[in-house]
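Everything below concerns the one structure shown next.
The values are calculated or read from the model by the stated rules, or taken from the named source; none is laboratory data. Computed from a predicted structure; not experimentally measured. Here the Cβ positions follow ideal geometry from the backbone for every residue, glycine too, while neighbour counts run over all protein chains shown.
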Amino acid sequence: MSERTAVITGASAGIGEATARALAEAGFHVVLGARRLDRLEKVAADLAGTALQLDVTDPGSVADFVQRVQECHVLVNNAGGARGLERVVDADEDNWRWMWETNVLGTLRMTKALLPKLIASGDGHVITVTSIAGHEVYPGGSGYTAAKHAQAALHETLRAEHLGDPVRLTEIIPGLVETDFSANRFDGDTDRAAGVYRGLTPLTAQDVAEVIAFAATRPSHVNLDSIVLKPRAQLDGTRAHRSE
Ligand code: NAP
């Protein structure tokens, strides 16, 4: 069988980088997209992969990226994140806009652009990294939870719209994963970010990547619709057991 191609968005760090490594290990040719090309090129060089600059919030960048992808069997919609933790009464519209542009419209643009190639491959797979924030709400989280709910709804809709087409759809729903996610959320405040993971053992990016690779390597007729993974000590977005 010829080598299959996997496109991973947000592959310059965290879950996306680990996913590129895991899918390359599983035998895929990996195409890595993100804004920081220097970081992408270092990762791609380790994996004999392809690094292409990509800003999922920019339609022109998405079009350029997709034009350079000859074929695609797996798309991992991973680029995204959170900004801020304000209550609705203090909501920052710029933060909301960033979260919607990246998580929701980014996933829409990439999926829309690559679906024809995924279907033409005869065995396509869209894997979208949402969050437990896509399935619950918590105080201060409205901008992120609203965006992740929308991203999850978009992804789930595709399952119905493409029933009968040769394309699988898997939603990956992580809880706490220790990456740059929280430092980015808190505008580079690493002390505040460390507090998110205090007193428990969070998931690593590799933990999530291994689950994504498992989903991507099932036989073609097996669709893992959604997979929730959390640290053992985490119950939901607001409740976790933390040692002092
Ligand atoms: P991260 O370490 O901050 O990585 C985010 C990645 O997204 C980076 O590679 C970044 O690359 C990329 N990105 C951001 N904006 C982009 C844009 N406009 N265009 C292209 N790429 C962009 O965070 P992470 O934890 O790995 O997050 C990955 C995904 O998992 C996100 O969708 C996040 O919501 C989700 N998630 C994370 C957690 C968690 O606890 N960490 C939990 C549940 C779900 P560049 O800056 O180079 O563009």
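Scanning region 96-145 for residues that are within 18 Å of Gly16 (Cβ to Cβ), without any contact (Cβ under 8 Å) to a residue 60 or more places away in the chain and outside any helix (DSSP H, G or I) returns Val126, Thr128, Thr130, Ser131. Flag: Glu41 does not match the condition of being at pLDDT 95 or above and either out of contact with any strand residue (DSSP E or B) (no Cβ under 7 Å at 6 or more places or on another chain) or basic (Lys, Arg) (or both).
This table checks each residue for (1) among the hydrophobic types (A, V, I, L, M, F, W, C); (2) assigned to a loop (DSSP other than H, G, I, E, B); (3) under 23 Å from Ile132 (Cβ atoms); (4) at pLDDT 95 or above.
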site: Met1; (1), (2), (3), (4): yes, yes, no, no
site: Val31; (1), (2), (3), (4): yes, no, no, yes
site: Glu71; (1), (2), (3), (4): no, yes, no, yes
site: Leu85; (1), (2), (3), (4): yes, yes, yes, yes
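For first residues located in region 170-198 and free of Cβ contacts under 8 Å to residues at least 60 places away in the same chain and more than 21 Å from Asn95 (Cα to Cα), partners that are within 8 Å of the ligand (Cβ to nearest atom) and among the acidic types (Asp, Glu) and lie 6+ apart or on another chain with Cβ distances below 6 Å form the pairs Tyr197/Glu178. Counting only residues that are away from the ligand (no atom under 14 Å from the Cβ) and either in contact with a Ser or Thr (Cβ under 6 Å, 6 or more places away or on another chain) or among the small types (Gly, Ala, Ser) (or both), which one in region 23-60 is nearest to Ala113 (Cα to Cα)? Ranking the candidates gives His29 first. For region 8-22, residues that are near the ligand (Cβ under 6 Å from one of its atoms) and in a helix (DSSP H, G or I) total 3. Summed over region 86-107, the residues that are within 13 Å of the ligand (Cβ to nearest atom) and hydrophobic (A, V, I, L, M, F, W, C) give a count of 5. When Val62, Val76, Val56 are checked against the criterion of being within 30 Å of Asp189 (Cα to Cα), touching a Lys or Arg at 6+ places or on another chain (Cβ under 7 Å), of a type in the set (Val, Ile, Thr) and buried (at least 21 other Cβ atoms within 10 Å of the Cβ), a single residue qualifies: Val56. Considered as a group, the residues in region 155-203 that are near the ligand (Cβ under 10 Å from one of its atoms), hydroxyl-bearing (Ser, Thr, Tyr) and part of a loop (DSSP other than H, G, I, E, B) include one that is surrounded by the fewest Cβ atoms within 10 Å (Cβ to Cβ), and that residue is Tyr197.
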